[in-house]
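The structure under discussion appears below in the form of structure tokens.
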Amino acid sequence: MAMGFCYFNNVAVAAEYLMRWRGVERLAVVDFDVHHGNGTQHLFEDRDQILYVSTHQYPFYPGTGAAQETGKDAGMGATLNIPLPAGSGDEAYEEVFCKILLPTVRQYAPQAVLISAGFDAWRADPIGGMRVSEEAFRNWGRWLGQIADDVCEGRVLVTLEGGYDLEALADLVVAHSQGLADAKPVGG
């Protein structure tokens, strides 16, 4: 059900394509949009072949994404919600990425990493309430690219999600992309 922001769930379409048509058996979806990806979670929460990890402002629209939401049935434990309070900035996100998100993805050892890249955690976004800098988005790209290089031969796909400061959006996407490009394979 469309709830106002997305008509098509691009990362879910990509995940299903990779699994059905490209033989990928284990995926990680990392979602750093300011809004919880309730649609993505609900599509995959009963499957253990897809690890869904979301950082998001909480409480905030759509009202889902509590830390206690960890999956269902065969997918129990394959959903990791990391809710953050409004006003969280670079330091809070770095701690979450380095201590929780990246180790979880590494341990899961997916065959590909899909990123729902929402740039509405940007400090000047008119909808979000977070305080993230351009450099943090670059770092997230670098860290996620490094994980992809380490565990799945660099297979990473990024889909653009939120981001409503239209004057800054292109620069934020470029910074994140540069971070991904800067990731070095092990031994590289």
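The values are calculated or read from the model by the stated rules, or taken from the named source; none is laboratory data. All values derive from a computational prediction rather than experimental measurement. Every residue, glycine as well, gets a Cβ built from its backbone with ideal geometry; the counts of neighbours run over all protein chains shown.
Checking 157, 180 one by one, the residue that is under 18 Å from residue 26 (Cα atoms) and either not polar (S, T, N, Q) or not in a loop (DSSP other than H, G, I, E, B) (or both) is 157 and no other. Screening residue 66 against (1) touching a Pro at 6+ places or on another chain (Cβ under 7 Å); (2) closer than 24 Å to residue 183 by Cβ; (3) among the hydrophobic types (A, V, I, L, M, F, W, C) leaves a single unmet condition, (2). In the range 89-96, the condition of being out of contact with any His (no Cβ under 6 Å at 6 or more places or on another chain), closer than 18 Å to residue 147 by Cβ and of a type in the set (Ser, Thr, Tyr) is met by at least one residue. Looking at the range 113-122, is at least one residue out of contact with any Leu (no Cβ under 9 Å at 6 or more places or on another chain), modelled with pLDDT of 95 or more and not hydroxyl-bearing (Ser, Thr, Tyr)? Yes.
Scanning for something in contact with a Pro (Cβ under 9 Å, 6 or more places away or on another chain), at pLDDT 95 or above, crowded, with 19+ Cβ neighbours inside 10 Å and assigned to a loop (DSSP other than H, G, I, E, B), does the range 87-107 turn up at least one residue?
Narrowing the range 87-107 to residues in contact with a Pro (Cβ under 9 Å, 6 or more places away or on another chain): 92.
Filter once more, so that each one left must be at pLDDT 95 or above: 92.
Subset that is crowded, with 19+ Cβ neighbours inside 10 Å: none.
No, there is no match, as no residue in the range 87-107 is in contact with a Pro (Cβ under 9 Å, 6 or more places away or on another chain), at pLDDT 95 or above, crowded, with 19+ Cβ neighbours inside 10 Å and assigned to a loop (DSSP other than H, G, I, E, B).
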